[in-house]
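Since the structure comes first, as structure tokens, the remarks are kept for the end.
The values are calculated or read from the model by the stated rules, or taken from the named source; none is laboratory data. All values derive from a computational prediction rather than experimental measurement. A quick note on method: Cβ atoms are made from the backbone with ideal geometry, for glycine too, and the neighbour counts reach across all protein chains shown. SASA here: full protein model, heavy atoms, side chains in, ligands and nucleic acids out. Shrake-Rupley method; radii C 1.70, N 1.55, O 1.52, S 1.80 Å.
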Amino acid sequence: ANNNDLTKIIKGPDFPTGGMIYNKKEINQAYETGRGSILMRGRAEIIQEGKYHQIIISEIPYTVCKSSLVEKIASLAQDKKIDGVRDIRDESDKDGMRIVIDLKSDSQPAKILNQLYEFTDLQKTFHMNILALVDGIEPRTLSLMEVLNEFLKFRQGVVTRRTQFELDRARERFHILEGLAKALDHIDAVIKIIRASKDRETAKINLMKKFDFSDLQATAILEMRLQALVNLEANKIKDELEEKRKLIKELMAILKDPKRILTIIKNELKITSEKFADKRRTQVIASGIADFSEEDLIKDEEVIISLSSDGYIKRVKADIFRVQNRGGKGVSGGAPEEGDETSSQLFFASSHDILLFFSNFGKIYQNRAYEVPEGSRTARGKAILNIFNLSTNEKINSVLRIGSKDKNNQKYLILATKSGIIKKTDLSYYANIKGRGIIAIKLKGDDELVSVKISSGEDDLILITKLGQAIRFKESKIKPMGRNSSGTKGIRLGKSDSVVAFDAFGKNRKKVLMISQLGFAKQTDLKEYRLQNRGGAGSKASKINAKTGDISVALVYSQEEDLIITSTKGQVIRLKITAVPVLKRTSQGVRVLKLNKGDMISSAVVL
């Protein structure tokens, strides 16, 4: 037999607390080397009670304290690290363990269960170290085969020593029984000697001289009671003598034959198994947990991410806004508190997309779209301070979506600032973004990030300013830089002007959409924007006047899809992008959203 043969029988460790262990390959490897890590999970199931779901934990990993686990889950729920828990209680009794976690009606039970595995000891690693004293002297790490062989050697030693001990006791008893039997055969002479002796010691010496008894035999004869003289008792001594003679013969035969010792070990193991064996408690799962991710639990759907300038973020389904005609009042999309005026940025994404969040300090943070808290159309959202570990006065002012299905065209990260600085960095620098964020660009003075895009390395770039200037140039005109660099000049700005929009696009993009602060919009064919050298003043992109206000939003797109526009007062409108006319580069556009007094356009997204 070898380790592979043994693991067909010994599936893996069986813990008294039950649970599940994962990855048969790693378990077998641990048995092969004598050392390894085995992933354990408690047993939990999701059940539905009316409109609410519950997570029921019936088994926990070995060595985990139940009360500590309950306290940890409660603490995570209180700190909102696990969102969606309504209540937690311990209903364990004499019939078994039962920890009940009540969930909120709008929660995602599978996601919460996955978070319990990630953040608590409901999932734990058991470190296996098969250590034994070989020959009772040298501590060694042994494989499964080796440790079983050592155990067998140990049992052979135990059975041998036990048999030798029994043989010694049998011989000693046989010797005494021989003396008693001889004494009974000469009982009259024995009694005469005893009666003639002045004391016990003299009687023992006289018996030893007369009948050649040993010290043990003589002592046993002197201690013999008169009832031994009865015929029945005398026969018992003779029967026991014969029994001991056979036992001695059997024990000597066992000691001379190693195969018989192995047979004894085998039979004793069978008896132990029949007496103490019970059903396996720990379930072995052949596949590893690495094959299963939280993303598998989340439905991939189109969503809108809304980020307000005062630091509140939410996720809503893209179809929550119905299509309307241009020029209408729209609907409420989450009005700010009375007296406040907060602009809001909208971002289209799929649930599985990666979102990169850029702060005014030039740092970058990362999250999945589905991890952004879901809210209603009119909800304010959740403070982004509760999601990222932002510094004092640090705020998120740009968000970039990295599509999970577009990785072939994602090579560089390109950042544009308010003062016209542009920077290109290899996207691989941002592969492992920790919770505290990393530096994306070194900003100078009061400069701020305006927009960040992903490029293929062969895209065209366009910068658009609030006063209606634009410049288009090849991405190849800027060289990749390190993460801590400051970038290079992208556009030369006029007095009081600043960059409000930036985009990177390939040949499939066809038009530029522009929306002014007071709700005027237009589409312009990209052909009207000729290629120029980086760092120039650009050309006229839109007519700006008191009626239109400055440019607020500009983006490049290809397909004719829906457009969602939001204002600083929380008004949102969704319309077909074909409702926005295609006009010349120098035109002002048409009104697409009728704004209340004091309101302005803050963001737009093409679905």
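Calculate one ³J(HN,Hα) per residue across region 516-526 by plugging θ = phi - 60° into the Karplus curve 6.51 cos²θ - 1.76 cosθ + 1.60, and present them in order as whole Hz with x for glycine and proline.
Ordered by residue, 3J(HN,Hα) equals 8, 4, 9, x, 9, 9, 7, 10, 9, 5, 4 Hz.
Quick one: ranking Ile191, Ile354 by accessible area, 1.4 Å probe, largest first, what do you get?
Final ranking, largest accessible area leading: Ile191, Ile354.
Count the net charge of all other residues whose Cβ sits under 12 Å from the Cβ of Lys382, scoring Lys and Arg as +1 and Asp and Glu as -1.
Numbers: positive: Lys80, Lys314, Arg315, Arg380; negative: Asp83, Glu371, Glu374.
Overall, the nearby charge balance is +1.
Keeping all protein chains in position, work out how much accessible area Ser486 exposes to a 1.4 Å probe, and write it in Å² to the nearest 10.
30
Can you compute the helix-only [θ] at 222 nm over the chain? Use -39500 (n - 2.57) per DSSP H run of at least 4 residues, normalise by all residues, nearest 500 deg cm²/dmol.
-8500 deg cm²/dmol, from helical runs alone.
So how many Å³ per residue does the convex hull of the Cα atoms of the chain work out to?
248
Over the Cα atoms of region 4-61, how large are the radius of gyration and the largest Cα-Cα distance (Dmax), in Å?
Gyration radius and largest Cα-Cα distance of region 4-61: 15.5, 50 Å.
Once every Cα of region 169-209 carries one equal point scatterer and solvent is ignored, give the base-10 log of I(q)/I(0) from the Debye formula at q = 0.19, 0.35 Å⁻¹, two decimals.
Values, matching the q order: -0.60, -1.07.
Please give the helix 66-78 orientation as an angle from the longest Cα principal axis of the chain, in degrees from 0 to 90, rounded to the nearest 10.
That works out to roughly 10 degrees.
If one takes the longest principal axis of the Cα atoms in the chain, at what angle in degrees, from 0 to 90 and to the nearest 10, does the Cα axis of helix 187-196 lie?
80
7 Å from Cα along Cα→Cβ at both Phe154 and Lys279: what's the point-to-point distance in nm?
3.0
Past 26 Å, Cα to Cα: identify those pairs from Lys124/Lys317; Lys543/Lys597; Lys474/Lys522, in the order given.
Violating the 26 Å Cα-Cα cut-off are Lys124/Lys317.
Tell me which residues come under 5 Å, amide H to amide H, from Glu301 once H is placed; ignore anything under 5 positions away on its chain.
The answer is Ser351, His352.
Determine ³J(HN,Hα), in whole Hz, for all residues of region 454-468 in sequence, where each value follows from phi through the Karplus function 6.51 cos²θ - 1.76 cosθ + 1.60 and θ = phi - 60°; x replaces Gly and Pro.
9, 10, 8, x, 10, 8, 9, 10, 9, 10, 10, 9, 5, 8, x
Mind checking the angle between helix 200-211 and the chain's longest principal axis? C-alpha axes, 0 to 90 degrees, to the nearest 10.
Once rounded, the angle reads 70 degrees.
Heavy-atom accessible area of Glu243 with all protein chains present, probe 1.4 Å, nearest 10 Å²?
Counting only protein heavy atoms, the figure is 110 Å².
Counting Lys and Arg as +1 and Asp and Glu as -1, each charge on the Cβ, what is the dipole of region 1-129 about the Cα centre in debye, to the nearest 20?
The calculated dipole for region 1-129 is roughly 280 debye.
Select from region 551-607 those trypsin sites (Lys or Arg not before Pro) which occupy a DSSP coil region and have at most 10 other Cβ atoms within 10 Å, ordered by residue number. Present the calculation step by step, with values, prior to reporting the outcome.
On the way: sites: Lys569, Arg574, Lys576, Lys584, Arg585, Arg591, Lys594, Lys597; in loops: Lys569, Lys584, Arg585, Lys594, Lys597.
Sparse-neighbourhood loop trypsin sites (Lys or Arg not before Pro): Lys597.
Whole number please: convex hull volume per residue, Cα atoms of region 41-96, in Å³.
101
What percentages, rounded to whole numbers, describe P(r) for region 44-175 computed over all alpha carbon pairs with 5 Å bin width beginning at zero?
2, 9, 14, 14, 9, 6, 5, 7, 8, 7, 6, 5, 3, 2, 2, 1, 0, 0
Kindly report, to the nearest 10 Å², the accessible surface of Ile10 as traced by a 1.4 Å probe over protein heavy atoms only.
60
How large, in percent, is the carbon and sulfur part of the accessible surface of region 1-138 at a probe radius of 1.4 Å?
Answer for region 1-138 is 47 percent, counting heavy atoms of protein chains only.
From largest accessible area down, sort Met224, Met20; use a 1.4 Å probe on the protein chains.
Met224, Met20
Using a probe of 1.4 angstrom, how much of the accessible area of region 374-500 is carbon and sulfur, in percent?
Answer for region 374-500: carbon and sulfur cover 43 percent of the accessible area.
What do the square roots of 5 times the Cα gyration tensor eigenvalues come to for region 397-532, in whole Å, largest first, as semi-axes of the equivalent ellipsoid?
24, 19, 14
Taking region 457-498 as the region of interest, what is the percent of Cα-Cα pairs per 5 angstrom bin, listed from the shortest bin to the one with the maximum distance?
Whole-percent P(r) values from 0 Å outward: 5, 20, 24, 21, 18, 10, 1.
Determine the share of region 153-308's accessible area contributed by carbon and sulfur atoms, expressed in whole percent, with a 1.4 angstrom probe.
Carbon and sulfur atoms account for 53 percent of the accessible area of region 153-308.
Remind me, relative contact order of region 182-240 in percent, using alpha carbon pairs under 8 angstrom and six or more residues apart?
25
What is the extension gain from Thr578 to Gln54, computed as 0.36 nm multiplied by their sequence separation minus the C-alpha to C-alpha distance, in nm to one decimal?
183.9 nm
Which cross-chain or sequence-distant (5 or more) residues have an amide H under 5 Å from the amide H of Met224, H modelled 1.01 Å from N in plane?
Amide H to amide H, under 5 Å and 5 or more residues apart or across chains, Met224 pairs with nothing.
Quick one: Karplus J couplings for region 150-155, per residue in order, coefficients 6.51, -1.76, 1.60, θ = phi - 60°, nearest Hz, x for Gly and Pro?
Whole-Hz 3J(HN,Hα) from phi for region 150-155: 5, 5, 5, 4, 4, 5.
What's the local net charge at Val372, with K and R +1, D and E -1, over the other residues with C-beta under 10 Å away? Could the numbers behind the result be given before it?
On the way: positive: Lys314, Arg315, Arg368, Lys382; negative: Glu371, Glu374.
Combined, the nearby Lys, Arg, Asp and Glu give +2.
Of all the C-alpha pairs in region 198-268, what % are more than 13 Å from each other? Mind dumping the intermediate values first?
On the way: 1879 of 2485 pairs.
It works out to 76 percent of all Cα pairs.
Can you give the FRET efficiency to the nearest 0.05 for Thr202 and Asp95, using r as the Cβ-Cβ distance and R₀ = 60 Å? Please list the in-between numbers first.
Details: r = 73 Å, r/R0 = 1.22.
Efficiency at R0 = 60 Å is approximately 0.25.
Ranked by accessible surface with a 1.4 Å probe, highest first, in what order do Phe119, Phe126, Phe520 come?
Largest to smallest exposure gives the sequence Phe119, Phe126, Phe520.
I want to verify the translational diffusion coefficient of region 503-598 in µm²/s; compute it with Stokes-Einstein, Rh as the Kirkwood radius over Cα pairs, at 37 °C and 0.692 mPa s.
Working: Rh = 14.2 Å.
It comes out at roughly 232 µm²/s.
Between Lys238 and Asp168, what FRET efficiency follows from the Cβ-Cβ distance if R0 is 30 Å, with the result rounded to 0.05?
Efficiency, rounded to the nearest 0.05: 0.85.
Using the heavy atoms of the protein chains alone and a 1.4 angstrom probe, what is the accessible area of the chain per residue in square angstrom?
53
So what is the relative contact order of the chain, in percent, for Cα pairs below 8 Å that sit 6 or more residues apart?
Values: 1190 pairs, mean separation 67.2, N = 607.
Averaging sequence separation for qualifying contacts and normalising by length gives 11 percent for the chain.
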